[in-house]
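Just so it is clear, none of the values below were taken in a lab; they were calculated from the coordinates. Bear in mind that the values here come from a model prediction, so they are computed numbers and not experimental data. Don't worry about glycine lacking a Cβ; one is built from the backbone with ideal geometry, like all the others, and counts go over all protein chains shown.
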Amino acid sequence: MPKTSKRKKTKTINPKINKKVKTKLSTKSKEVNKGPIKISKTYIPKENEKYMCEKHKVFFRIKLQEWRKELVRANNEALYNGSMDDNSISADIVDQASSYTDKNVEMKAINRQIKLISEIDKALIRIKDDTYGFCLDTAEPIGLKRLMARPVAKYTIAAQEKHEKNEKVHADE
């Protein structure tokens, strides 16, 4: 009886691209899973290693999980400390306006971090689905340098520029 692999399907903007990535990955040589891969704390992915080998996936999964943990901790601290400051209501209207502005800036930063946590979660899912490190539009490798700089990257630089250009065009309408 042939062995079938059970992989979760991911939703992408273009399902054909996801199929391309999975086809490309399935045609590569299959690695035999010999248990969990362990890497040293000082390990850094190298260009001469096979792209998105198990070591790379483990490295990026750990990096993303630690980044997520740090963001959640920072958000919790900011929310806790922000709620502690509510007791200082001033009679001076300028102080109240300043306090309101500070809280508004803090909340915007927290909202950006919450969106980033969501992107980290999506990247972790892509690692499990074996689509991490490959462009969602073109199915081409994103590249280790780009992933080291931005571990949640979903597109190659060219595809990202195209998306940003399209966003700008639609924002002007």
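So here's what we get for this one:
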| quantity | calculated |
| --- | --- |
| Matching option when the condition is surrounded by 10 or more Cβ atoms within 10 Å (Cβ to Cβ), out of contact with any strand residue (DSSP E or B) (no Cβ under 7 Å at 6 or more places or on another chain) and not charged (D, E, K, R), among 43, 80 | 43 |
| Enumeration of residues in segment 45-80 that are within 14 Å of the chain's Cα centre (by Cα) and of a type in the set (S, T, N, Q) | 65 |
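Listed here are the residues, each with its yes/no results for (1) of a type outside the set (Ser, Thr, Tyr); (2) closer than 24 Å to residue 42 by Cα; (3) surrounded by fewer than 17 Cβ atoms within 10 Å (Cβ to Cβ).
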| position | (1), (2), (3) |
| --- | --- |
| 57 | yes, yes, no |
| 96 | yes, no, yes |
| 139 | yes, no, no |
| 148 | yes, yes, yes |
